[in-house]
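The values are calculated or read from the model by the stated rules, or taken from the named source; none is laboratory data. Keep in mind it's a predicted model, so treat the numbers as computed, not measured. No Cβ is skipped: glycine too gets one built from the backbone with ideal geometry, and neighbour counts run over all protein chains shown. Areas reflect the complete protein model, heavy atoms only, side chains present, ligands, DNA and RNA absent. Shrake-Rupley method; radii C 1.70, N 1.55, O 1.52, S 1.80 Å.
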Amino acid sequence: MWGGRFAAGPAAIMTEINASIRFDQKLYRQDIRGSKAHCAMLVRQGLISAAEGKKIQGGLDTILREIEAGKFKIDPALEDIHMHVEARLSDLIGKPAGRLHTARSRNDQVATDFRLWVRDAIDKIDAGLKDLQLTLLRRAEDYADTVMPGFTHLQAAQPVTFGHHLMAYVEMVGRDRSRLNDARARLNESPLGAAALAGTSLPIDRDSTAKELGFARPMANSLDAVADRDYALEFLSAASICAVHLSRLAEEIVIWTSAQFRFVSLSDAFTTGSSIMPQKRNPDAAELVRGKVGRIVGSLNALLITMKGLPMTYGKDMQEDKEPTFDAVENLELCIAATAGMIADLKANKPRMQDAAGEGYTTATDLADWCVRKLDMPFRQAHHVAGSLVRLAETQDKPLEALTLAEMQSVEKRISKDVFAVLGVQNSVKSRVSYGGTAPANVKKQVARWRKLLDAEKLAGKKKTRDKA
């Protein structure tokens, strides 16, 4: 490619460290798509002939078919996917292949390819996250009335419903999707036509190639166009936050399936056994989701460190952008699918959950709230009264609702028998009707709200597809 300047070939170790074809061959679809758009623009601008353009387009289509059929030969001497496509195009159509690189550099070519790849990855991940939301919604509806303990510090705090707990993850995944879509909007500008770093003197039409490739606009600064990897960093940041959310849910599944909790069970499909302990059923799928967050966050950190000291514009260091991004995408997609599978598979142990919800005096706040509401008591005083009654119940090793009215009145004489209506865990969750609260009626409303939002997305997607057609 640069034989006119160099008289000798590279050392073997240089060839090894310089080559990226081992991993960047993943970009073949995007590389061919970008080349086809560039070729069409060159024809429209009169920079190459229509006949040459036709040969180039036909050759690129042939290469795409060869790669997808597994018939494309990889040669380590051709360092990247761009050179492979160009060399094969030359084999197929001869001299016109050399016209394709008119007004283009590998710098803007790889920047375009990688943006397209990350954009495609975001779309695929977003679809997986939407499926996870729908799975969570189905199970939240199934368990809208199922009572369980809510925790702070992993200590039983107040009764909640399992449906409400699952809906918390619907909200979290919704934010993950929002972050990814924000990142997609910012990356959706085309570097193609920036050339090596300064643009070109040839009369190209960057608006047309941007439109053909589905970008909102061309990037406004040629230096920024080839130097920028913000889009990969932003994607990896959003992916890392998403992975952390999946890891938190995975950790809860690990806890819930333990013999000490027994809140939920998973089938053979998402568990493994032990080579020595025949009784074991290990939640390995959840543990692996929890574990893979390290790789995804590590990918973000790796690219941040790669980019932190680079001057404008392109440096070969930036070749290190792809492997961590590819790895993060692969593992995040796997984690999303595994999480959706586990949520669909799990079965709640309703009696055990309800029993646990009543342990640890979880209705003490309901008692304090009753004192505020019925006795017009300042909350700090009500908190003291409820705490005193908890201490009394603890000394007798019984739940709050098992105290007699006389025992309660020994702490606060104005307490009436009406207090017992708020002390059961079922009564507690039903009373939490404030917006965002755990009441079963609230859970069902939130399920309906989210279904409506996701249905609207589906309709908007269909309209967008029709508009494109």
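Placing dummy labels 7 Å off each Cα toward the beta-carbon, the span from Gln45 to Ala448 is 5.7 nm.
Based on Cα contacts under 8 Å between residues 6+ apart, region 12-102 shows a relative contact order of 41 percent. Listed cross-link partners Lys124/Lys347; Lys54/Lys322; Lys54/Lys95; Lys374/Lys413; Lys36/Lys130 are compared with a 24 Å cut-off, the Cα-Cα value being larger for Lys124/Lys347; Lys54/Lys322; Lys36/Lys130. Cross-link reach is defined here as a Cα-Cα straight distance under 17 Å, omitting same-chain residues fewer than 8 places apart; for Lys458 the aspartates and glutamates meeting it are Asp123, Asp126, Asp131, Asp467. In this label model, Glu68 and Ser416 are separated by 7.6 nm, measuring between points 7 Å along each Cα→Cβ vector. Distance from the alpha carbon centroid of region 170-208 to that of region 34-74 works out to 23 angstrom.
Express the carbon and sulfur contribution to the solvent-accessible surface of region 360-431 as a percent, rounded to the nearest whole number, probe 1.4 angstrom. That fraction is 52 percent. Summarise the accessible area of region 136-196 (1.4 Å probe, protein heavy atoms) by the percent that is carbon and sulfur. That fraction is 47 percent. Comparing region 360-431 with the 2.2 N^0.38 Å rule of thumb, its C-alpha radius of gyration ratio is 0.97 (two decimals).
Around the Cα centre of the chain, unit charges on the Cβ atoms of Lys, Arg, Asp and Glu (plus for the first two, minus for the last two) sum to a dipole of about 1200 debye. Between Arg262 and Glu457, the modelled label-to-label distance comes to 3.8 nm, taking each label 7 Å out from Cα in the direction of the beta carbon. Summary value for region 135-282: 16 percent relative contact order, contacts being C-alpha pairs under 8 angstrom separated by 6+ residues. Accessible surface for the chain, divided over its residues, is 50 Å² per residue with a 1.4 Å probe. What lysines sit close enough to Lys73 to cross-link, taking a C-alpha to C-alpha distance under 20 Å and skipping anything fewer than 8 places away on the same chain? Output for Lys73: Lys26.
Quick one: pull the percentage of alpha-carbon pairs in the chain with a separation above 32 Å. Of all Cα-Cα distances in the chain, 55 percent exceed 32 Å.
Each helix, a run of at least 4 DSSP H residues, gives -39500 (n - 2.57); summed and divided by the residues of the chain, these come to -20500 deg cm²/dmol at 222 nm. For region 12-102, a Kirkwood radius taken over Cα pairs fed into Stokes-Einstein (10 °C, viscosity 1.306 mPa s) yields D = 117 µm²/s.
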